[in-house]
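Okay, structure first, notes after.
The values are calculated or read from the model by the stated rules, or taken from the named source; none is laboratory data. Everything numeric in this text was worked out from a predicted model, so none of it was measured. Glycine also receives a Cβ, built like all others from the backbone with ideal geometry; neighbour counts cover every protein chain displayed.
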Amino acid sequence: MSGQTLGLNRLAGVLLLVSGFAASLAVAQSPPIDQQKQSPSKRDAKKQVLPLDPLTADDRGLADKIAREDPRVRELLGDRPQLVSIALLFLKPEHEESAAPTKPVAIDRHAEVLFRREDEVGVRAVVNLSKRTVVSAERVTSMELPLTPEDISQAAKLALADVELRSALGDELKSYAAAAEAPDARTKQFAITGLRLFSKGEDDPCTKHRCVQLMFRRGRDYLSDTTVWVDLTERHVYVERGKNETH
């Protein structure tokens, strides 16, 4: 056998050895077959949920269900309550030790659930999502309840039925009526937005009632010569045109 042939055989052997080692390394580093076949949703489901992770749609549904089934909350709610909001709530562990603990302290996830009754009284329930229990339930005033998109939509519909406002809007009435129905109206050419009104005046209905001031936008311009605010408690619309006209 010539020296050239021997050299080629040695080189082929080295290449075969290297390729075999690379293949065994790739097999060793690749995940087990059962993990490869496992869907991403199942892998994600095994992730631990942390106390401050945002609430999911399932979390909100669970918090609402737990609150409504609690006897204390049912007694406070009365008939046909309206869900106002569900928000993540962070509470420290009840028996938190002053000294450094020897092992991590488990922190439960909580949610604050707000309802509004027909008489405008609010109900606040604190729900422990980890233990599926209601920690506390109490009444709150209507003033303590945040304004919801449904409130603005209701106020807009009441206002658009007002004769004085219909006269002020003219031919653009239909465009604003469509905006009142659209949840993404803020991005449209016509939009109706609102702010919660508060008052301390003894004779002002907004001292005790839930009131909304509406703003009508067309493009970049707002309806400036007409002021509209709605008493949602009494379902009454107030329209002020200019400085001297009031309806």
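The table below gives the values:
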item	result
Residue within the range 100-109 that is at pLDDT 95 or above and buried (at least 18 other Cβ atoms within 10 Å of the Cβ) present	no
Some residue of the range 149-168 being within 30 Å of L91 (Cα to Cα) and touching a Leu at 6+ places or on another chain (Cβ under 9 Å)	yes
Residue ID - farthest from D162 (Cα to Cα), chosen from residues in the range 193-247 that are surrounded by fewer than 18 Cβ atoms within 10 Å (Cβ to Cβ), touching a residue at least 24 places away in the same chain (Cβ under 8 Å) and among the basic types (K, R)	K208
Selection from the range 134-153 of residues that are exposed (fewer than 15 other Cβ atoms within 10 Å of the Cβ) and hydroxyl-bearing (S, T, Y)	S136, T141
Residue in the range 148-160 that is assigned by TED's automatic domain parsing to the domain that holds E240 and farther than 28 Å from D79 by Cβ present	yes
Close pairs (7 angstrom Cβ cut-off, 6 or more residues apart or separate chains): more than 11 Å from C211 (Cα to Cα) and free of Cβ contacts under 8 Å to residues at least 40 places away in the same chain in the range 146-158, assigned to a helix (DSSP H, G or I) and among the aliphatic types (A, V, I, L, M) anywhere	S153/A180; K157/A180
